[in-house]
Structures are given as structure tokens and as C-alpha cells.
Amino acid sequence: MKRPTTLRRPAKGRSSKEKTAPAAPGLRARKRQETREKLTRAAMALFLERGFEATTLDDIVASADISRRTFFHYFASKEDVVFAWQEEAGAALIAAVAARPAGESMLAAAENAVIAMAGQLDPAEVVALARLKRDNPALQARDQVKYEKLERTLADALLRRTGNKTDKMQARLVAMIATGAMRVGGELWAAEGARETPELLARRMFAAIRAIFE
């Protein structure tokens, strides 16, 4: 249902809460997001039906009913489309880390953030992406780069929680453990037929990590 249009109220007379409240996404931003999601869904459906290499850019834009020029406003390549949803998952992970209580250890914060993020994933999408990566070396290489980038971003997020730069080594190590768990867990999960939810898998992986140190 289309959202009703509202008029801006004058700044005078607003409370401090109203002044600092973030603005809702505008119509243009919503349209861009809708187009991006439409492109991603169309491309993923074709990749799964025909294979990644067999699907051309023309196939994608025809299926999404957009122009090639519009495609390049959103993505630089077919590979970018495949990993688009994972960027959102990474952003959700960083937001979950920032939301963890200040008293939690870095490892506990990372664990709980990964579990929270995993709970937001669609298992069908995760399995679909795992199949694409399994059958395409270029996507496998891109996947490794993604995890390296996520590890650095997660370490920075963990370090910001402490406000202590001397914890940099610990933050890097915890980020390495967390992203390693996500990578290994995802591979095993797909290979074993995705019999459990991503959230249950995340809990099992961190339980295995903690058992190592006991």
C-alpha cells in the first residue's frame, strides 16, 4: 500500500526529540531500493536456472525489465549482484555488535551479534548462494575477499565498543574467529544439506569454539 504523503512542519515549536529524529526514506530512495531488489531477484533466479556463466547481462536486464545503463547504476558486474545481499548481512552484523551491552566481552559480543544476524537470514537464499559459489571459481575467489573485508570491519566495530586502542590485537583475533566460524560453518551447513536454521548453526559453531579453549 502506498504511503500517504505528509507535509513538513515548521522547525519552530518542535521538541528536541523531533529535531533529532532521523527522517524516513524518501520516495526516490525507496524506488532505488525496490529496483535494486528487483534486479537481484531476477539475476538470482536466472543464475539458479541457467548457471552463472550461461546467464548474460542482457538476460538479467530483460528479466528485470530495465536497461543496461540502469543496471550499471546499481552494480558493476554480475558478481556484484550475487554478493549484494551479503553486504546487507554484513551491515546487520556490525549494527548488532554496536547494540551489544558494554559489559560483554569481545567474544561474547561477536557471538551474540553473529547469532542475531543469522536469525535474519533466509535459509533458501543462503543455500542458493552456496550452490552458485560451489560451481564457480570466480565467485569462490570473490567470497574469500568478502570474508577478509568483513573481518577488518568487524574488528573495527569491536574496537569501537571498548574505546581502547590497546585492544586492537584482541579485536583482530576475535574478528578472525567469528568470520572463520561463519565461513566454515556455512560450508559445512550447505554440504550437510542445510538441515538446521542459520541461527542454530551459529550457536553450534560458537559452542564448538568455546569447547576448544576449555
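Quick rundown of the values:
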quantity: Selection count, region 63-89, where residues are open to solvent by 60 Å² or more (accessible area, probe 1.4 Å) and within 24 Å of Ala124 (Cβ to Cβ); calculated: 4
quantity: Selected residue (only one of Ala211, Ala178, Ala207 is open to solvent by less than 20 Å² (accessible area, probe 1.4 Å) and either assigned to a helix (DSSP H, G or I) or touching a Ser or Thr at 6+ places or on another chain (Cβ under 7 Å) (or both)); calculated: Ala178
quantity: Within region 183-200, considering residues that are in a helix (DSSP H, G or I) and over 17 Å from the mean Cα position of the chain (by Cα), the one surrounded by the most Cβ atoms within 10 Å (Cβ to Cβ); calculated: Trp189
quantity: Every residue from region 162-175 that is at pLDDT 85 or above and open to solvent by 60 Å² or more (accessible area, probe 1.4 Å); calculated: Lys168, Met169, Gln170, Arg172, Leu173
quantity: Any pair with Cβ under 8 angstrom, 6 or more apart, that starts in region 145-164 at a residue that is farther than 13 Å from Arg183 by Cα and among the basic types (Lys, Arg) and ends at one that is at pLDDT 90 or above and surrounded by 15 or more Cβ atoms within 10 Å (Cβ to Cβ); calculated: Arg152/Ala175; Arg161/Val97; Arg161/Arg100; Arg161/Met106; Arg161/Ala109
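The values are calculated or read from the model by the stated rules, or taken from the named source; none is laboratory data. Quick caveat, the model's predicted, so the values are computed rather than measured. Methodologically, a virtual Cβ is constructed for each residue, glycine included, from the backbone with ideal geometry; neighbour enumeration extends over all protein chains shown. These accessible areas exclude ligands, DNA and RNA; they are computed on the full protein's heavy atoms, side chains included. Shrake-Rupley method; radii C 1.70, N 1.55, O 1.52, S 1.80 Å.
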